[in-house]
1. So how do 132, 74 line up by other beta-carbon neighbours within 10 Å, fewest first?
2. Please report, in Å, the Rg and the Dmax of region 129-178, where both are computed over Cα atoms only.
3. Fewest first, what order do 3, 27, 148 take by the number of other Cβ atoms within 10 Å?
4. For residue 217 and residue 202, calculate 0.36 nm times their separation in residues minus their Cα-Cα distance, and state this gained length in nm to one decimal.
5. Between the alpha-carbon centers of region 1-63 and region 132-194, tell me the distance in whole angstrom.
6. Counting residues in the chain as N, plug N into 2.2 N^0.38 Å and put the Cα Rg over that result.
7. When the Kirkwood hydrodynamic radius is evaluated over all pairs of different C-alpha atoms of region 132-220, what value in angstrom, to one decimal, is obtained?
8. Based on DSSP, what percent of beta bridges with both residues in region 72-219 are antiparallel, to the nearest 5?
């Protein structure tokens, strides 16, 4: 999660998801209040914008603060579409660190991230964020059907978009329906997809509008 003004952004939402991931992965859930206080303390010593990472495992609890690469915020991405494996889907609802094969797969294809597309052509997520697609004057993001991560930024964007009167909603969407694509995450905000499978994509107006709303909330 990002640190802003010495405070972890969306801390409660991240802790709730952490607890859910522990349950799905069979890891003992930590004392959330004690962990919250530890994270608040760590963030309070971050002089500038930073990133706060928590890694849990059996008898493992690591907290790390590092500088935030602001160049990642809204930076255009390149993607390659792939079919998810059975193991990917089993762990899809959990935030976990076993993603080295995804990183290697993206590097082998010369792209920033891999985009999961199922056998019906439906968009799911990338290995580093949730997906939003512009379709016929609406901005759609796939439903939480057990196959994708419940992104904190995804939830924030849905709430902000609806409050701003933007046509943003949850709905299944296929790759051939998408007129433009974006990827959301805590560290990159809402990043436009510049290129998919070697073909350049346009940046739709709705995604740009949602980017502006998110950026305004970040500054407020």
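Every number here is computed from the coordinates shown, using simple stated rules; none is lab data. Quick caveat, the model's predicted, so the values are computed rather than measured. Positions of Cβ are backbone-derived with ideal geometry, glycine not excepted, and every protein chain shown enters the neighbour counts.
1. Working: 132 29, 74 17.
Fewest to most other Cβ atoms nearby, the residues stand as 74, 132.
2. Cα-based Rg and Dmax for region 129-178 come out at 10.6, 29 Å.
3. Values: 3 25, 27 17, 148 22.
By the 10 Å Cβ count, ascending: 27, 148, 3.
4. Fully extending the segment from residue 217 to residue 202 adds 2.9 nm.
5. Result: 25 Å between the Cα centres.
6. Details: Rg = 17.2 Å, N = 220, 2.2 N^0.38 = 17.1 Å.
Computed over Cα atoms of the chain, the ratio equals 1.01.
7. Details: mean 1/r = 0.0756 Å⁻¹.
That comes to 13.2 Å for region 132-220.
8. Numbers: 19 of 29 bridges.
Taking every DSSP beta bridge with both residues in region 72-219, the antiparallel ones total about 65 percent.
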